[in-house]
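In what follows, a single structure is set out as structure tokens and then discussed.
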Number of protein chains: 2
Amino acid sequence: MQTIGILGAGQLGRMMAVAGYPLALNFALYDTSGSPSANIGKIYSDPNNAQTELKQFLQEVDLVTYEFEHLPLDLANRIAKIKPLRPGVRALQVCQNRELEKRLFRELAIPTPAYAIVSSAEQLANAVEQLGTPVVAKSLTEGYDGKGQAVIKHIDHCRQAWQDIGHPQLIVEQFIHFRRELSLVAARGTDGSTCFYPLVENNHQGGILRFTIAPAPSLDAKLQSQAEAYMEALLADMDYVGVMTLELFETEDGLLANEMAPRVHNSGHWTLNGAHTCQFENHLRAILGLPLGDTAPHGVSAMVNLVGRHANVAGVLRLKDTHLHHYGKSERPGRKVGHININAENYTALIEKVKLSLQQVPESSTLQCSIAGIA
Amino acid sequence: MQTIGILGAGQLGRMMAVAGYPLALNFALYDTSGSPSANIGKIYSDPNNAQTELKQFLQEVDLVTYEFEHLPLDLANRIAKIKPLRPGVRALQVCQNRELEKRLFRELAIPTPAYAIVSSAEQLANAVEQLGTPVVAKSLTEGYDGKGQAVIKHIDHCRQAWQDIGHPQLIVEQFIHFRRELSLVAARGTDGSTCFYPLVENNHQGGILRFTIAPAPSLDAKLQSQAEAYMEALLADMDYVGVMTLELFETEDGLLANEMAPRVHNSGHWTLNGAHTCQFENHLRAILGLPLGDTAPHGVSAMVNLVGRHANVAGVLRLKDTHLHHYGKSERPGRKVGHININAENYTALIEKVKLSLQQVPESSTLQCSIAGIA
């Protein structure tokens, strides 16, 4: 029996392990956050990142994967010398640095918003002048907390934004008036075979994914093949193994790549109940060198995140075609504590079922409006 | 977060735990076999049945359920005094004794094969004379190994059969020339609400379930409602909580009850991929007092048991609409080491897919014939 080592012990690792038991896999999870929530498999807790238990963890596992991309690169390199690390170090390197990421997109002829890299408040002001307001300024590398962004609406605000973000280098991107946000989840195996889930529509509020509709409604079929071509190029370039997610903007001129994540992704959670093979199983199949599974959807699906507060469990379980995924985490503002998957035969029926499920979700009124806006 | 205690730590407990993680449940499993295979949750191993760890196990859990019905009744009684035991002691009592079981069927006007209880070789011969050959003679109570049965084809064989079975009391049943074997899996909640999966068709070879087709093809709708009425009566009589399975013979004169199992059941494994809510989740919902989930099937399904030998993992994963459930157990003749679930839109397509999957199963030639015989 093989043991998969997962770096990180949150809900992604947990759902990966749940998907892996039917494949007779064992799991060991290595947590450095001090608050592992996965509560499955063998948990190694190393809150001070002292790596005292890392050796034992590595001895125990056959291969290593990760549930988050902000692993220190030197650590990733050291691990990759001892056990197979899938996806590899290069994916981490690219995904940790917005400049490298954008440059790779450009190299592969994947359109992105116009951008500039700046190292001072003056350079920031110059970039804003060139790109035109509004712009989005982001720290070039990102910490664990997802902070370090500002929308600059007027050139006079550059100095303030520079100070607020407080990072030695920023990427400044043209603000895109997108029609909607899409994402593509794909997997690539050790033999280079690939599979793609349908593009999905994502809705964020306050920087947090609130819901996903899968497949994205009224989608031009050309966009699916376009997105798959971009993904195929990225995966091949990085010799990537595992599940990868590409976030895109749909604009009047087509797709623009926003960013990518070298892992299973919140916008792929619908696959747990809405696709023949879920993203977690496909990630495991990919890193184990097993054949990839069918990504076709069953009808249409919605995924509603439970952010900060849990849903009424009995209320959700009473609903037809509705599945609760409760992460067993305590409530805290902004924390993802679970999600609800809803399936239907068509979008009209889906939206009605989503509305019923939202009645079981605390403070869901704004969410209710946005979802109704889609229908 | 609630912790469910499971008595037994085999594949049924394992699949129950896998189904319980999305409901934020913890699991502790208590094994007395000396070879727990569940490999999930916290395993208490007590191979000598010394019950030294039982106290600690009971302290840790919020409620107790079981994955097998051959628990000593005194132990079950002791547990039920300390923590809620669901299903309760009465279900164990009835299901451990074929006479009590048959008597309950009769009391509730559930037809069974004609039978007699005998305590000697002479009484056995008298019973055979009365019932007519062939008969099936079984020990009244059953050990863990499922032994203790004989088909008696001639009255002269009674003495030999009595000696072979070697049990002080036997039940002798008329041998039923059934059309096929069916089973009904149902759940009953703490509030008395019930739900029923469709009747499925089971095929045994050498006393071991080999495959299930769900729903049972070409089934008279009357039989489904008849079986549900029998189940409803049994559940209500025992004030049962949890999933229960009733095995039935379909004959020219309708249904005859064979036996029941107070637990999730091998003939319900297809629900993992073929029904809106699987039997394991519905068992957990039931014992936790949560609303029961939708039992409707997605199209039609087959479940093929992997007996003794594992399938070719990569070969199975390559197949469309086919899901592997590998229990992580070592191979041993007669041991259930996994199963394969196959889904399709109709029975013709299903049988074709089953045949493809059987190419990945060692020594499946007889199975191939039987399944083809159904189509």
| task | Considering each residue of segment B:293-303, count those that are at the interface with chain A (Cβ under 9 Å from one of its Cβ atoms) and closer than 21 Å to B:Ser357 by Cα, and give that number. | result | 1
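How many of the residues making up segment B:345-375 are among the small types (Gly, Ala, Ser), crowded, with 20+ Cβ neighbours inside 10 Å and modelled with pLDDT of 95 or more? Break it down into steps so the answer makes sense when it comes.
So the first thing to find is which residues in segment B:345-375 are among the small types (Gly, Ala, Ser), and the list is B:349, B:357, B:364-365, B:370, B:372-373, B:375.
Now narrow it down to the ones that are crowded, with 20+ Cβ neighbours inside 10 Å: B:357, B:364.
Then drop every residue that is not modelled with pLDDT of 95 or more, which leaves B:357.
Total meeting the criteria: 1.
To keep it simple, each residue is scored yes or no on (1) surrounded by 21 or more Cβ atoms within 10 Å (Cβ to Cβ); (2) closer than 27 Å to A:Trp270 by Cα.
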| site | (1), (2) |
| --- | --- |
| A:Ala19 | yes, yes |
| A:Leu29 | yes, yes |
| A:Gly41 | yes, yes |
| A:Pro47 | no, no |
| A:Ala50 | no, no |
| A:Val61 | yes, no |
| A:Thr65 | yes, yes |
| A:Glu69 | no, yes |
| A:Ile79 | yes, no |
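Please go through segment A:269-281 and pick out each residue that is in a helix (DSSP H, G or I) and within 10 Å of another protein chain (Cβ to nearest Cβ). First the steps, then the outcome.
Taking segment A:269-281 first, the residues in a helix (DSSP H, G or I) are A:271-274, A:279-281.
Within segment A:269-281, A:Leu272, A:Asn273, A:Glu281 qualify.
For (1) acidic (Asp, Glu); (2) assigned by TED's automatic domain parsing to the domain that holds B:Ala286; (3) in contact with a His (Cβ under 6 Å, 6 or more places away or on another chain), each residue gets a yes or a no:
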{"position": "B:Gly10", "(1), (2), (3)": "no, no, no"}
{"position": "B:Ala19", "(1), (2), (3)": "no, no, no"}
{"position": "B:Ala24", "(1), (2), (3)": "no, no, yes"}
{"position": "B:Gln59", "(1), (2), (3)": "no, no, no"}
{"position": "B:Glu69", "(1), (2), (3)": "yes, no, no"}
{"position": "B:Asn97", "(1), (2), (3)": "no, no, no"}
{"position": "B:Leu100", "(1), (2), (3)": "no, no, no"}
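Taking the options B:His298, B:His283, name whichever one is closer than 30 Å to B:Phe196 by Cβ and surrounded by 23 or more Cβ atoms within 10 Å (Cβ to Cβ). Break it down into steps so the answer makes sense when it comes.
Numbers: B:His298 fails: surrounded by 23 or more Cβ atoms within 10 Å (Cβ to Cβ).
When all the criteria are applied, what remains is B:His283.
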| note | A:Asp145: passes all of (1) under 30 Å from A:Gln279 (Cα atoms); (2) modelled with pLDDT of 90 or more; (3) outside any helix (DSSP H, G or I) but (2)
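Taking the condition part of a helix (DSSP H, G or I), farther than 15 Å from B:Asn203 by Cα and of a type in the set (Gly, Ala, Ser), does B:Ala311 pass? Show your work before the answer.
Details: part of a helix (DSSP H, G or I): no; farther than 15 Å from B:Asn203 by Cα: yes; of a type in the set (Gly, Ala, Ser): yes.
Criteria not met by B:Ala311.
Yes or no, residue by residue, for (1) farther than 27 Å from A:Leu350 by Cα; (2) polar (S, T, N, Q):
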| site | (1), (2) |
| --- | --- |
| A:Met231 | yes, no |
| A:Val241 | yes, no |
| A:Phe249 | no, no |
| A:Glu252 | no, no |
| A:Glu259 | yes, no |
| A:His269 | no, no |
| A:Gln279 | no, yes |
| query | For segment A:285-326, how many residues meet the condition of being farther than 30 Å from A:Thr190 by Cβ and in contact (Cβ under 8 Å) with a residue 24 or more places away in the chain? | reply | 19
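Would you say B:Val264 is surrounded by 21 or more Cβ atoms within 10 Å (Cβ to Cβ) and outside any strand (DSSP E or B)?
Values: surrounded by 21 or more Cβ atoms within 10 Å (Cβ to Cβ): yes; outside any strand (DSSP E or B): yes.
Yes; evaluated as a whole, the condition is true for this residue.
So which of A:Leu350, A:Leu317, A:Leu290, A:Leu306 is of a type in the set (A, V, I, L, M, F, W, C), farther than 30 Å from A:Asp239 by Cβ and within 9 Å of chain B (Cβ to nearest Cβ)? Lay out the reasoning, then the answer.
Numbers: A:Leu350 fails: within 9 Å of chain B (Cβ to nearest Cβ); A:Leu290 fails: farther than 30 Å from A:Asp239 by Cβ; A:Leu306 fails: within 9 Å of chain B (Cβ to nearest Cβ).
The conditions single out A:Leu317.
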| note | Of the residues in segment B:250-268, those that are touching a His at 6+ places or on another chain (Cβ under 9 Å) and either within 11 Å of another protein chain (Cβ to nearest Cβ) or more than 21 Å from B:His70 (Cα to Cα) (or both) come to B:Thr251, B:Glu252
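The values are calculated or read from the model by the stated rules, or taken from the named source; none is laboratory data. Please read all numbers here as calculations on a predicted model, not as lab measurements. Ideal geometry is used to build each Cβ from the backbone, glycine not excepted, and the neighbour counts take in all protein chains shown.
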